[in-house]
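Some notes on the structure that comes next.
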Amino acid sequence: MRPGIAKPSAIVLPVLLATVLVAALATASLALAGGKPKEGWGADSSFIGRYHVKVTQPGDAGVRGGELTMFIQEEFPGSEEPAGILNLRTKTNNDVVYLKELKRQGARRTAIVKGGSFLGPTIGNFKATMKKPGVLVGRVATKGLGTVRATFHRFSTKPTQ
Amino acid sequence: MAIRLKILLASLGVLAATVALAACGGGGSSSGASGSTANGPDAASAPETEDWPLFGRDRDNTRFATQDEIDTSNVGELGEAWSTALGPDQYLMESFPLVLNGTVYVTTSTDEVMSIDGKTGHINWTYTPEVDFSQSTGVGGYGITVNRGIAAEDGKLFLLTFDNKLQAISQKTGERLWSSEVEDPATGAYESMAPTAYDGKVYVGVSGSEDGVRGKLAAYDAKTGKEIWTFYTVPKAGTKWVPKGGGGGTIYMPPTIDTETNTVYVGTGNPAPVLVGAKRPGKNLYTDSILALDADTGKLKWYHQEQAHDLWDYDAESPVVLFDAEIDGEEVRGVAEAGKNGLLFLLNAETGEDLFPPVGFVKRDHKPPTTKPTLECPGAVGGSQYSPLAYSPETQAVYVSGIELCMYLKVTYESHNGEKAFAGDRVVPKDTEKSGTFTAVGVDTGKVLWKHDMPTPMDGGATASAGGLVFTGDQQGVLYAFDAASGDDLWQADLKLAFGTAPVIYSIGGTEYVLATVGGAALTASEELGEIGARVIAFKLGGKQLPPGPALK
């Protein structure tokens, strides 16, 4: 055995370890990006306010347009939580549904959709990509409306104005 | 922190000082300007019509149908004539329909008005207003929108939308004729009530006591939508007893008009902040009250406060019923209203004074809330919410829908909404009983004639008929027909969707229909009491039989 044989192994081992570490970090980083979603939709300034809904796919009931209001819900002090009210208009109906349990993962924004009120039954879900603060592209799917695809453009950063 | 503690202690001191008033339970009454004399039976109180033309069918708001084809002997043959769904993702149904010339007019919780053929269930037209629902971020963030119906007069239908628009639409075509804003939505006010139309005026209130909205009743010109008069139910915020950001006394149901005396009767809601009384000393007039106003001027004739210095959210929310009774040998014109405090009030319509002591119809055990949770019965959504009474002149009884639902109430003092919040927590214990009552009370005796313990909270009201029946629905979706005199449970149908309204009755071509609008109340959703949706179902003798609900205890 050449004495030098051991030497390379002494160099290779740290390199290998470093490689493994880098790989692990990369994997962890990837896992973080695509892993467990975080609560909420991020900074309030990025999403709170009122949005015009421009429909790109009208779904089963023929949704023509609508409005989304994102706000901080406060039933009582200490219960603050972001939530949304989505009004989708068909030819004959104002369908109002409620977004709760907001989550984010990278640019992805999701919520469950409640019917009747924020305390009503879960009737669907909301999935969108935040292209930039105040601009969402995605879809809402419910039992009654089917899958409605739309872009959401914020026109006011104040939920009630 | 120390400052907060001082404020807290100081507030509790004032709170304690006001407890005596509040703990008395009842309020008081006062005659204002001169009222008219009590009158006899109003021809409008039980008109012979095939329709259901007003919120409570007649001007006295009795919900008593003169039809008698369906009666105690044949109600078992009642079955489904037709059933119509009101749209995709439509939930909750607190809408009380009208029937005009055989056509049903019903609203949805998102303010559409639908014209439906009363014989077939076919939707003739739908009026879909553009409504700003963003204000439902208020009301503690519950986001609940409901619409309790429309009024009609001279070929026009009058609608209040959630964002405070009074709109007139053509009864024939559904075309909008005019629209008028009755309150700035930025105040937190919203609309849920049906208006009342009478003699060229449309009477309108606003909702939102919980958020400190200042209550009012206003009259608008039915032709133009222009305001004629406004009566504010509480002083302006920051004046008299109303703290900055406070208010209350808002209105949730349509007023009732005595056409003989030209008097408008209406009930008002809680004061705000809701659970904290320290910042609003005194009785907090005219919250939680029955008001009698001059229909032409809005001038107060009298008030009767059902809950002085309310600390529990005990609105006088349900609509007022007028009746004529013989008491101690004298003909008396009376007023009935069931409050959220679990008491039925029977008052003299001329003076507002009690005809009898208030009649309890649910469990009552409450004390002023503190910073520690205390169990309060009824809870803040107990007693009788908006549910209209029915009154039968044949049995001389009113029929009361009761909610047995206690709550833990707790006073808090911090809020990110400033003082525009409950200033307290309201929690329904998980193991609490959620049931109801249905009670017949004699208006000429003030006594309970019969009472049913119901399997669910009763939120929707009652309807009586000359067939000797009284109808009501529960949160399981069961429609009941009781013998109005004895209370016997004669018929049931399981409609699978929770009730948030009472039926209406009409006839077409000699066939009597009982129409149920089902889909649940806001309470149905918040307490998970039953299935929610939006559907209109008509029944007639010989229709398709539906399975009954579970037997009553």
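The values are calculated or read from the model by the stated rules, or taken from the named source; none is laboratory data. Predicted, not measured: the structure shown is a model, and the values here were computed from it. Note that each Cβ is placed from the backbone with ideal geometry, even for glycine, and that neighbours are counted across all protein chains shown.
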The number of residues in the range B:64-83 that are surrounded by fewer than 19 Cβ atoms within 10 Å (Cβ to Cβ) and either within 14 Å of chain A (Cβ to nearest Cβ) or part of a strand (DSSP E or B) (or both) is 3
Out of the residues in the range A:105-128 that are more than 8 Å from every other protein chain (Cβ to nearest Cβ) and not in a strand (DSSP E or B), which is farthest from residue B:116 (Cα to Cα)? A:106
Name the residue that is farthest from the other protein chains (Cβ to nearest Cβ), counting only residues in the range B:489-524 that are under 15 Å from residue B:92 (Cα atoms) and more than 18 Å from the chain's Cα centre (by Cα). B:495
Test: residue A:69 is at negative phi and surrounded by fewer than 18 Cβ atoms within 10 Å (Cβ to Cβ): no
Scanning the range B:276-311 for residues that are surrounded by fewer than 22 Cβ atoms within 10 Å (Cβ to Cβ) and polar (S, T, N, Q) gives B:297
Here are the criteria: (1) more than 27 Å from residue B:272 (Cβ to Cβ); (2) in contact (Cβ under 8 Å) with a residue 40 or more places away in the chain. Tell me which single one residue B:329 does not satisfy. (2)
Scan (1) facing chain B (nearest Cβ under 9 Å); (2) part of a strand (DSSP E or B); (3) touching a residue at least 24 places away in the same chain (Cβ under 8 Å) for the single condition residue A:102 breaks and write down its number. (1)
Show the residue pairs that are 6+ apart or on different chains and have beta-carbon atoms under 6 Å apart, the first residue being within the range A:84-96 and outside any strand (DSSP E or B), the second being hydrophobic (A, V, I, L, M, F, W, C). A:90/A:61; A:90/A:63
List the number of the failed condition for residue A:121; all other conditions in (1) touching a Gly at 6+ places or on another chain (Cβ under 8 Å); (2) touching a residue at least 40 places away in the same chain (Cβ under 8 Å) hold. (2)
Of the conditions (1) over 17 Å from the mean Cα position of the chain (by Cα); (2) at pLDDT 95 or above; (3) over 27 Å from residue B:522 (Cβ atoms), residue B:377 satisfies every one except a single condition; which number is it? (3)
Hey, among the residues in the range A:143-159 that are surrounded by fewer than 17 Cβ atoms within 10 Å (Cβ to Cβ) and in a loop (DSSP other than H, G, I, E, B), which one's modelled with the highest pLDDT? A:157
Which of the numbered conditions does residue B:357 fail, given that it passes all the others? Conditions: (1) part of a strand (DSSP E or B); (2) surrounded by fewer than 19 Cβ atoms within 10 Å (Cβ to Cβ); (3) not β-branched (Val, Ile, Thr). (1)
Across the range B:243-257, which residue is farthest from residue B:207 (Cα to Cα) among those that are more than 18 Å from the chain's Cα centre (by Cα) and buried (at least 24 other Cβ atoms within 10 Å of the Cβ)? B:246
Please verify whether residue A:7 is at pLDDT 80 or above and among the basic types (Lys, Arg), treating the condition exactly as stated. no
List the number of the failed condition for residue B:122; all other conditions in (1) out of contact with any Lys or Arg (no Cβ under 7 Å at 6 or more places or on another chain); (2) at the interface with chain A (Cβ under 8 Å from one of its Cβ atoms) hold. (2)
Report the residue count in the range A:68-99 for those that are modelled with pLDDT of 90 or more, in contact with a Pro (Cβ under 8 Å, 6 or more places away or on another chain) and more than 7 Å from chain B (Cβ to nearest Cβ). 2
Could you go through the range A:58-77 and let me know if any residue there is in contact with a Leu (Cβ under 6 Å, 6 or more places away or on another chain), farther than 24 Å from residue B:107 by Cα and outside any loop (DSSP other than H, G, I, E, B). no
Reported set for the range B:207-236 where residues are at pLDDT 95 or above and of a type in the set (A, V, I, L, M) is B:217, B:218, B:219, B:222, B:228, B:234
Being modelled with pLDDT of 95 or more and closer than 30 Å to residue B:292 by Cβ narrows B:94, B:48 down to just B:94
